[in-house]
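What follows is a short report on a single structure.
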Amino acid sequence: MGLNTSDDITWNWVDLTTTTGGPFTVPPPQTSTPQRVSTMPPPTTTPTTTKPTTPTPTTTVPHNCPRSWGFYTPTYDCYDLKPFYQFNYTENLYCNGSIRTDGENEYVANFATGFFAGVGTCFTGQSDLEMFMIGNARSINGNPMWQDGEPMNYAPQADGCPTLIVPSNGYTPIIATIDPHGKVCWQAIGDTNFGSIPSSCQYFLCKKDGH
């Protein structure tokens, strides 16, 4: 038998009796209350989604212009340039080449410039004047008239343009010329060199209702 010390105060016999003679009682081990383990699945996080922005739809004015023709909304007309030699063809009798306003004149000039750029073989010089026939006109009792009977009450007034002289002895082609800076002038065909340019570069304006 011997002594075993467990701390500085209490002496215990190794035969499991205390120094007071009583039995040595081994205290039960301390047990910790087990923590309940949750069997519930972890909460799910709903991802935040950003609603895509719906683009503003582009409104296109409906019209009946043939493919590749230009369409000018203010007049609701369709425009194309056709070979000059086809001017008197039956299928072109509906063509009305009158131009009535600065806005329409600018639109047609831009259309023509893009058209000739697409052709690629006409008016390629840096100082060349692009040109095309607008329509036939004549002066009746001093009043210029287009061949379809509509008054010619508009002509571009750009600085430096020659005076437009509309003959009275029959209908004559009116030619639009466009310089490299975009200035548009109108002249009777006899006052231009339209007749001397290659026939593959001679075109006339065909205009029809887009309804």
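The numbers here are math on the coordinates, done by the rules we state, and not lab data. Every value quoted in this text rests on a predicted model; they were computed, and no experiment measured them. So basically every Cβ, Gly included, is an ideal-geometry build from the backbone, and we count neighbours across all protein chains shown.
As a rough footprinting exposure proxy, the listed residues R100, R67, R138 were ranked by other beta carbons within 10 Å of their own, and the order from fewest upward is R67, R100, R138. Annotation: amide H-H contacts under 5 Å for E130 (H modelled 1.01 Å from N, sequence separation of 5 or more, or interchain): I178. Once both labels are positioned 7 Å from their Cα atoms along Cα-to-Cβ, the gap between T121 and D102 label points is 3.8 nm.
With each label modelled as a point 7 angstrom along the Cα→C-beta vector, the N110-D148 pair spans 2.2 nm.
Between Y76 and H181, 0.36 nm times their residue separation minus their Cα-Cα distance comes to what? Mind dumping the intermediate values first?
Values: separation 105, 0.36 × 105 = 37.80 nm, distance 2.75 nm.
In short, 35.1 nm is gained.
With a Förster radius of 25 Å, plug the Cβ-Cβ distance of N193 and A158 into 1/(1 + (r/R0)^6) and report the FRET value to the nearest 0.05. Walk me through the numbers before you get to the answer.
Numbers: r = 19 Å, r/R0 = 0.76.
Efficiency for this residue pair is about 0.85.
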